[in-house]
Amino acid sequence: MKDATKCLHSGYTPGNTEPRVMPIVQSTTYVYDSTEEVAAVFDEPTRSLIYSRFANPTVMAVERKIAELEGGVGAMCTTSGQAASMLSILNICDAGDSFISTSEIYGGTVNLFAFTFKKMGIECIFVDKNATDEEISKAFKPNTKAVFGETIANPALSVLDIERFARIAHEHNVPLIVDNTFATPILCKPFDFGADIVIHSTTKYMDGHAVQVGGVIVDSGNFDWTKGNFPGITEPDESYHGISYIDTYGKAAYITKARMQLMRDFGVYPAAHSAFLLNLGLETLSVRMKQYCENALKVAKYLEQHEKVESVTYPGLESDASYELGKKYLKGSSGVISFVIKGGKEAAMRFMNSLELASNEVHVADIRTCVLHPASETHRQLTDEQLVAAGIEGGMIRFSVGLEDVDDILADIEKGFAKV
Ligand SMILES: *Cc1c(COP(=O)(O)O)cnc(C)c1O
């Protein structure tokens, strides 16, 4: 099946007289005929459903759909994108381990990696994604267990050279984990370029309607865990009567461990109703992504030629630093643009306050157009010097293009400029 078809049909196939739509199985628990059967499930929890802290039929239907869209062997949903990032690392890093991340990643992920993981004894080594292979290789330590990056970085909007990072990771026998939130599997399938694990904040384009926060981890099944130093996957798990994930689950070792061990222990599993809503978003993901790309490219081109605009960042523009990488990895540049308005912070705030259609909100990738002013909102704690160091100019505006008629979006932008 092609992506548009998978969006509608993967994950759930009703049998004769069964409901057309995957039902919301709103139950915490599942009934068994005998204690022996329950005991068997405790020994081997993937046999059948037992408790909705780590598995539920409605959520699992969505997991199968996302796994098929990404081309992976399995997926596990989480209650947020943050939980997905956290578990993707904790599944292979213990206290005393380290991992490498590109520095251009989502701000919430930076907090998790640089501060919270540090308290847990896990070190994140940040590298510049434009560094040479040699420089990146030098960042590896004997205890380094993974490399992490974002397909289209939020908010930098730069594109990751996935093949290069996969090659470097594999030379050091560790997996490449890619946050594919902004691209979605419709615009990029990181596994096709050598990535091993993909994560998403499903809160963004996958849900698309700004109705629920969620995340997902997808396993390609391609990484050879026996080559590196991953005792958690290759050695017996004491908490499961000495199961070895690699011996028992083979290609699905990573994702099965994430569910059986980490989801069991942390319990950050979405409710069935959330998965039902996420599925509604996924059903139209393919058509929506095409329209986001089309609208955003028109808006980016319009901004680029505007006299009140200093610069525009959007991988779909030929003038953009990521244009060539975008051509290689993306089937479209998604819907988020950032641009710098002439006149700094004051002009940016006046522009934003004058918009009528686009809403001021701390969100991106909504179905409706929304704007954000990093200097006065998400990054307001930073001093002017810190803002410069973080690459955030006072006049920078993050513009998340929605699915309204693009002529109405452009007219709204013109209203904003008229007030500046
Ligand atoms: C929003 C976002 C996250 C965090 O996801 P939440 O669902 O908000 O927890 C992670 N990565 C990227 C790229 C994001 O945009």
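Other residues within the sphere of radius under 13 Å centred on the Cβ of ASP408, judged by their own Cβ, net out at -3 (K and R +1, D and E -1). Approximating the spin labels as points 7 Å out from Cα along Cα→Cβ, the ASP33-to-GLU414 distance works out to 7.2 nm.
Computed on region 159-206, with alpha-carbon pairs under 8 angstrom and 6+ residues apart, the relative contact order is 41 percent. Other residues lying with their Cβ under 12 Å from the Cβ of SER85 contribute a combined charge of -2, Lys and Arg counting +1, Asp and Glu -1.
Helical runs (DSSP H, four residues minimum) scored at -39500 (n - 2.57) apiece and divided by the length of the chain put the mean residue ellipticity at 222 nm at -9500 deg cm²/dmol. Express the relative contact order of region 201-341 as a whole percentage, based on alpha carbon pairs under 8 Å and six or more residues apart in sequence. Averaging sequence separation for qualifying contacts and normalising by length gives 19 percent for region 201-341. Sorted fewest first by neighbouring Cβ atoms within 10 angstrom, ASP33, ASP128 come out as ASP33, ASP128.
Contact order normalised by length for region 3-280, with contacts defined as Cα pairs under 8 Å and 6 or more residues apart; what percent is it? Let's see the in-between values first.
Working: 522 pairs, mean separation 66.0, N = 278.
Reported as a whole number, the value is 24 percent.
Helix 57-70 sits at what angle to the longest principal axis of the chain, using alpha carbons and giving 0 to 90 degrees rounded to 10? Helix 57-70 and the main axis of the chain meet at about 60 degrees. Distance between the pseudo-spin-label points of THR383 and ARG47 (7 Å out from Cα toward the beta carbon): 6.3 nm. Please give the FRET efficiency for TYR323 paired with ASP94, using the beta carbon to beta carbon distance and R0 = 35 Å, rounded to the nearest 0.05. With R0 = 35 Å, the Cβ-Cβ based efficiency is 0.30.
Give me the angle, in degrees from 0 to 90, between the Cα long axis of helix 162-171 and the longest principal axis of the Cα atoms of the chain, rounded to the nearest 10. The angle comes out near 40 degrees. A Gaussian network model of the chain, with springs between Cα atoms under 10 Å, assigns the largest mean-square fluctuation among SER400, SER85, SER103 to SER103.
Note on the chain: percent of Cα-Cα distances in each 10 Å bin, starting at 0 and stopping at the bin with the largest distance, equals 5, 22, 31, 25, 13, 4, 1, 0. Remark on GLU310: its backbone amide H falls under 5 Å from those of VAL340, ILE341, LYS342, a criterion applied only to residues 5 or more positions apart or on other chains, H modelled at 1.01 Å from N. Take the Cα of LYS119, go 7 Å toward its beta carbon, and the backbone nitrogen atoms of region 83-104 under 20 Å from that spot belong to 83-91, 93-99. Per-residue 3J(HN,Hα) values for region 124-138, derived from phi via the Karplus relation 6.51 cos²θ - 1.76 cosθ + 1.60 with θ = phi - 60°, read 9, 9, 8, 10, 6, 6, 9, 5, 6, 3, 5, 4, 5, 4, 5 Hz in sequence order (x marks Gly and Pro). Taking only the C-alpha atoms of region 287-418, the Rg (one decimal) and the largest Cα-Cα distance, Dmax (whole number), read 14.1, 42 Å.
Would you mind checking LYS342/LYS419; LYS129/LYS298; LYS308/LYS415; LYS129/LYS257; LYS204/LYS345 for any pair whose Cα atoms are more than 22 angstrom apart? Please report the intermediate quantities before stating the final value.
Details: LYS342/LYS419 13 Å; LYS129/LYS298 28 Å; LYS308/LYS415 13 Å; LYS129/LYS257 30 Å; LYS204/LYS345 27 Å.
Distance filter (> 22 Å) returns LYS129/LYS298; LYS129/LYS257; LYS204/LYS345.
Counting only residues at least eight positions apart within a chain, or on another chain, the lysines with an alpha carbon under 20 Å from that of LYS251 are LYS65, LYS145, LYS189, LYS227. Shape call for region 232-340 from the C-alpha gyration tensor, a ≥ b ≥ c root eigenvalues: rounded (a/c under 1.5), prolate (a/b greater than b/c) or oblate? It is prolate, given that a/c is not under 1.5 and a/b is the larger ratio. For MET22, neighbours were defined as the other residues whose beta-carbon sits under 15 Å from its Cβ, and their charges (Lys and Arg +1, Asp and Glu -1) total 0.
A short reminder: the numbers here are calculations on the coordinates, not readings from a lab. Because the structure is predicted, anything quoted here is derived from the model rather than measured. Here the Cβ is made from the backbone with ideal geometry for all residues, glycine too, and neighbour counts use every protein chain on show.
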